[in-house]
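> What follows is a structure written as structure tokens; I'll ask about it next.
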Amino acid sequence: MPVLFADIAEHALPAVSFVKPSGYIDGHPNSSKLNLFEGFVKKIVDQVQSSDYAMNTAIFITFDEGGGYYDSGYVQPLDFFGDGTRIPLIIVSPYVKQGHISHEYADHVSIDKFIERNWRLQPITNRSRDNLPNPVAEPFNPYVPVNRPAISDLFDFFEFSKKGTTDHGWN
């Protein structure tokens, strides 16, 4: 990860970066400890927030699986492969709605959908999950989309009208 931290310091990051920590600090119960992952994430967030990236960056923090914690929430049958259990997602950005908890159905593909919408890119393929619509739900049951299968593009987390930005993000 030294390259990541150097690139942040030198303002040399591309528009989108994915960071995957090593197995020793990734928070997986069989190979790591969660506090090591938290420390790793904190170092990235602290460095970004103290750099000139701070005003136009969103950091999406998630896991690749539930880590063995049981979650009884709705799991949407998306396609032949299904979808996994719910996992946490935290977004750090000056444009995020403070204290907002999204009830829209999302998964890892939601990050792809965010990138595609924000930079006006086409979906990965005509069959990929990023082609699914954004969820529409009933107020009494916000977690289950009535237009399923559907996956959020995560734009409900943001208020891009804050601080003079446009309504479409950072492109």
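The values are calculated or read from the model by the stated rules, or taken from the named source; none is laboratory data. None of the values given here were measured: they were computed from a predicted structure. FYI the Cβ positions are ideal-geometry reconstructions off the backbone, even for glycines, and counts take in every protein chain you see.
> Does LEU78 satisfy being farther than 30 Å from SER51 by Cα and either touching a Leu at 6+ places or on another chain (Cβ under 9 Å) or surrounded by 12 or more Cβ atoms within 10 Å (Cβ to Cβ) (or both)?
yes
> Report, by residue number, each residue of the range 81-107 that is surrounded by 14 or more Cβ atoms within 10 Å (Cβ to Cβ) and outside any loop (DSSP other than H, G, I, E, B).
LEU89, ILE91, VAL92, VAL96
> Could I ask something else about it? Which of the residues that make up the range 41-66 are part of a strand (DSSP E or B) and in contact with a Phe, Trp or Tyr (Cβ under 9 Å, 6 or more places away or on another chain)?
Answer for the range 41-66, where residues must be part of a strand (DSSP E or B) and in contact with a Phe, Trp or Tyr (Cβ under 9 Å, 6 or more places away or on another chain): just PHE60.
> Let me ask something else. Of everything in the range 1-34 that's polar (S, T, N, Q) and under 20 Å from the mean Cα position of the chain (by Cα), which residue is modelled with the lowest pLDDT?
The initial filter retains those residues of the range 1-34 that are polar (S, T, N, Q), namely 17, 22, 30-32.
Applying the additional criterion that residues be under 20 Å from the mean Cα position of the chain (by Cα) yields 17, 22.
Details: SER17: 95, SER22: 91.
Among those that are polar (S, T, N, Q) and under 20 Å from the mean Cα position of the chain (by Cα), it is SER22.
> Separate question: Please name all residue pairs, on different chains or six or more residues apart, with Cβ atoms under 8 Å, provided the first residue is in the range 25-49 and is within 30 Å of HIS11 (Cβ to Cβ) and the second residue is among the basic types (Lys, Arg).
As it stands, the answer is ASP26/LYS20; GLY27/LYS33, since those pairs meet every condition given.
> Cβ-Cβ distance below 6 Å, separation of 6 or more or different chains: which pairs start in the range 108-137 with a residue that is in a loop (DSSP other than H, G, I, E, B) and end on one that is surrounded by fewer than 19 Cβ atoms within 10 Å (Cβ to Cβ) and not aliphatic (A, V, I, L, M)?
Hits for this filter: TRP119/ASN171; PRO123/ASN131; LEU132/PRO149; PRO133/ASN147; VAL136/ASN147.
> Please find, within the range 27-40, the residue that is surrounded by the fewest Cβ atoms within 10 Å (Cβ to Cβ) out of those that are part of a loop (DSSP other than H, G, I, E, B) and in contact with a Pro (Cβ under 9 Å, 6 or more places away or on another chain).
Per the criteria, the residue is SER32.
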